[in-house]
Amino acid sequence: MEINKLVDLNSLRTAPQLSDSQVKKLLDELEANILNADWITIGIMASHDYKALEALQSISKKYSSIKFGEYSSLNAEGRVFLKGNQKTGNVYMRSENGLGEGILITCQYEIDSKNSSTFGPLPLDFFSN
């Protein structure tokens, strides 16, 4: 399956490997959505807690406006799901089997007439490039 737009990721259970040109194209599209949103929520599915935390840190490093509360002490056993909310700053992590791997970004809006949109799964290193 060719990945050319964010919508192409919607049916995937786990993040695909992407070329540099695909990452650039998807990042440009995603940034337009992030900048238009009032805040984002992030879901990270990973094989280990440290991988989920690294992915979350990479997002905050790339976007100085996306910050979260203290999360360095979070941990969980085995496969994990991490959820972060930019608006509240809250970050939670739990063990969860049967997950794929990747980052899900949901753009949220204060106005009810604007529907939130979820994008992903994106590779865990998507924001590190």
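The values are calculated or read from the model by the stated rules, or taken from the named source; none is laboratory data. These numbers come from a predicted model, not from an experiment. Positions of Cβ are generated from backbone atoms using ideal geometry, with glycine treated the same way; all protein chains shown enter the neighbour counts.
Restricting the first member to segment 42-54 and to residues that are touching a residue at least 12 places away in the same chain (Cβ under 8 Å), and the second to residues that are of a type in the set (Gly, Ala, Ser) and assigned to a strand (DSSP E or B), the beta-carbon pairs closer than 7 Å and six or more apart or on different chains are Ile42/Gly84; Met45/Gly102; Ala52/Ala46.
Quick check on Leu124: is it assigned to a loop (DSSP other than H, G, I, E, B) and at pLDDT below 95? Before the answer, list the steps.
Working: assigned to a loop (DSSP other than H, G, I, E, B): yes; at pLDDT below 95: no.
No: the conditions fail for Leu124.
Among the residues making up segment 33-87, a single one is touching an Asp or Glu at 6+ places or on another chain (Cβ under 7 Å) and aromatic (Phe, Trp, Tyr): Phe81. Selection of segment 1-54 for residues being of a type in the set (A, V, I, L, M, F, W, C) and over 30 Å from Gly78 (Cα atoms) yields Ala32, Ile34, Leu35, Ala37. Scan segment 52-59 and tell me whether some residue there is surrounded by 14 or more Cβ atoms within 10 Å (Cβ to Cβ) and touching a helix residue (DSSP H, G or I) at 6+ places or on another chain (Cβ under 8 Å). The answer is no, given that none of the residues of segment 52-59 is surrounded by 14 or more Cβ atoms within 10 Å (Cβ to Cβ) and touching a helix residue (DSSP H, G or I) at 6+ places or on another chain (Cβ under 8 Å).
Looking only at segment 71-81, residues that are touching a residue at least 12 places away in the same chain (Cβ under 8 Å) and over 14 Å from Met45 (Cα atoms) come to 3 in all. The residues on offer are Gly69, Gly78, Gly98, Gly102, and the sole one that is surrounded by fewer than 14 Cβ atoms within 10 Å (Cβ to Cβ) and within 22 Å of Ser11 (Cβ to Cβ) is Gly98. Can you pull out the residues in segment 42-51 that are crowded, with 19+ Cβ neighbours inside 10 Å and among the small types (Gly, Ala, Ser)? Across segment 42-51, the qualifying residue is only Ala46. Restricting segment 14-41 to residues that are touching a residue at least 24 places away in the same chain (Cβ under 8 Å) and over 15 Å from the mean Cα position of the chain (by Cα), the residue that is surrounded by the most Cβ atoms within 10 Å (Cβ to Cβ) is Leu18.
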